[in-house]
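Note sheet for the following structure.
The values are calculated or read from the model by the stated rules, or taken from the named source; none is laboratory data. This one's a predicted model, so the numbers in the text were calculated from it and none came from an experiment. Every residue, glycine among them, receives a Cβ derived from its backbone with ideal geometry; neighbour counts consider all protein chains shown.
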Amino acid sequence: MITIGITGIIGSGKTTASAALKARGIPVIDLDALAKKMLTLAEVHEEIEREFGDGLVIDGQIVVEKLRDIVFADREKLRRLERITHPRVRRELWREVGERAEAGEKAIVVDGPLLFETGLYKELDRTVVVTAGMDVIRERLKLRGMAPDDIERRISNQIPLKEKEEAADYVLLNNGTREDLERNIEALLERINEWEVRTRCTSTT
């Protein structure tokens, strides 16, 4: 089985691309969903309040908006939060990957915004970057209701898209219509099949 990371930056369309692959039968592990799951753990609540102060847990739940405001305003605080959540996310990721491998899956997609920032891409077999023009990305984020300063702050917390493209095994363009993306997804599927066959052949020689 091969593991394929799908990443990009906020607004580039990685989640849409992952959903299209999932609709075609490839299992997807969403690292954002795993991170949210980790935020439900009592031990994580304790660490977050110890790190960032009281008032972030109410009725047994993280006040996500308040935590987000704290960490996205300060890059060091964001890194401190990541040090709490990322090791747990990694452990859960590989547990799920193991289950999929035992079930006989040939390929699995790992959808995450910070594969390069965290170094997780080094543990995956291939990495795909979903890309789009920055003007297109900013317009998408505005349509989501994000304020311009929030957009720029969130973008600045990630490695520039061009650097991710250069480090990727495959670049998936998501600059046009949904039909354009679907065609590009079909081309990516062909490449995934090639990767899987090559990996299988290598492992049996």
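Being of a type outside the set (D, E, K, R) and in contact (Cβ under 8 Å) with a residue 24 or more places away in the chain is the filter here; which residues of region 68-83 pass it?
F72, A73, L78, L81
Restricting to region 67-95, count the residues that are more than 20 Å from I10 (Cβ to Cβ) and in contact with a Leu (Cβ under 8 Å, 6 or more places away or on another chain).
4
Pull up region 57-74, narrow it to residues that are touching a His at 6+ places or on another chain (Cβ under 8 Å) and farther than 25 Å from I155 by Cβ, then point me to the one that is surrounded by the most Cβ atoms within 10 Å (Cβ to Cβ).
Looking only at region 57-74, we keep the residues that are touching a His at 6+ places or on another chain (Cβ under 8 Å), and these are 57, 60, 62.
Among the residues that remain, those that are also farther than 25 Å from I155 by Cβ are: 57, 60.
On the way: V57: 18, G60: 8.
That would be V57.
Out of (1) surrounded by 15 or more Cβ atoms within 10 Å (Cβ to Cβ); (2) assigned by TED's automatic domain parsing to the domain that holds S18; (3) not β-branched (V, I, T), what's the single condition that is false for R88?
(2)
What residue, of A73, A17, is of a type in the set (G, A, S), at negative phi and assigned by TED's automatic domain parsing to the domain that holds E117? Before the answer, list the steps.
Details: A73 fails: assigned by TED's automatic domain parsing to the domain that holds E117.
Of A73, A17, the one residue that is of a type in the set (G, A, S), at negative phi and assigned by TED's automatic domain parsing to the domain that holds E117 is A17.
Any residue at all in region 91-106 that's touching a helix residue (DSSP H, G or I) at 6+ places or on another chain (Cβ under 6 Å) and at pLDDT below 95?
Within region 91-106, one or more residues are touching a helix residue (DSSP H, G or I) at 6+ places or on another chain (Cβ under 6 Å) and at pLDDT below 95.
In the list A168, A101, A187, which residue meets the criterion of being of a type outside the set (K, R), farther than 30 Å from E43 by Cβ and surrounded by fewer than 17 Cβ atoms within 10 Å (Cβ to Cβ)?
Criteria check complete, one pass: A187.
Looking at this structure, is A23 under 30 Å from E99 (Cα atoms), among the small types (G, A, S) and over 20 Å from the mean Cα position of the chain (by Cα)?
In short, no.
If we keep just the residues of region 151-172 that are modelled with pLDDT under 95 and among the hydrophobic types (A, V, I, L, M, F, W, C), which is farthest from D111 (Cα to Cα)?
Of everything passing the filter in region 151-172, I151 is farthest from D111 (Cα to Cα).
Given the options I6, I29, name the one that is buried (at least 19 other Cβ atoms within 10 Å of the Cβ) and farther than 18 Å from N184 by Cα.
I29
Among the numbered conditions (1) within 15 Å of A107 (Cα to Cα); (2) surrounded by 12 or more Cβ atoms within 10 Å (Cβ to Cβ); (3) of a type outside the set (S, T, Y), tell me where E194 comes up short.
Every listed condition holds for E194 apart from (2).
Restricting the search to region 16-37, which residues are farther than 17 Å from D180 by Cβ and out of contact with any strand residue (DSSP E or B) (no Cβ under 6 Å at 6 or more places or on another chain)?
Once the filter is applied, which keeps residues that are farther than 17 Å from D180 by Cβ and out of contact with any strand residue (DSSP E or B) (no Cβ under 6 Å at 6 or more places or on another chain), region 16-37 yields G25, L31, D32, A33, L34, A35, K36, K37.
Give just the number: which of (1) closer than 20 Å to I192 by Cα; (2) not assigned by TED's automatic domain parsing to the domain that holds N184 does L124 not satisfy?
(2)
L143 fails exactly one of the following numbered conditions: (1) surrounded by fewer than 13 Cβ atoms within 10 Å (Cβ to Cβ); (2) under 16 Å from the mean Cα position of the chain (by Cα); (3) aliphatic (A, V, I, L, M). What is the number of that condition?
Going through (1) surrounded by fewer than 13 Cβ atoms within 10 Å (Cβ to Cβ); (2) under 16 Å from the mean Cα position of the chain (by Cα); (3) aliphatic (A, V, I, L, M) one by one, L143 breaks only (2).
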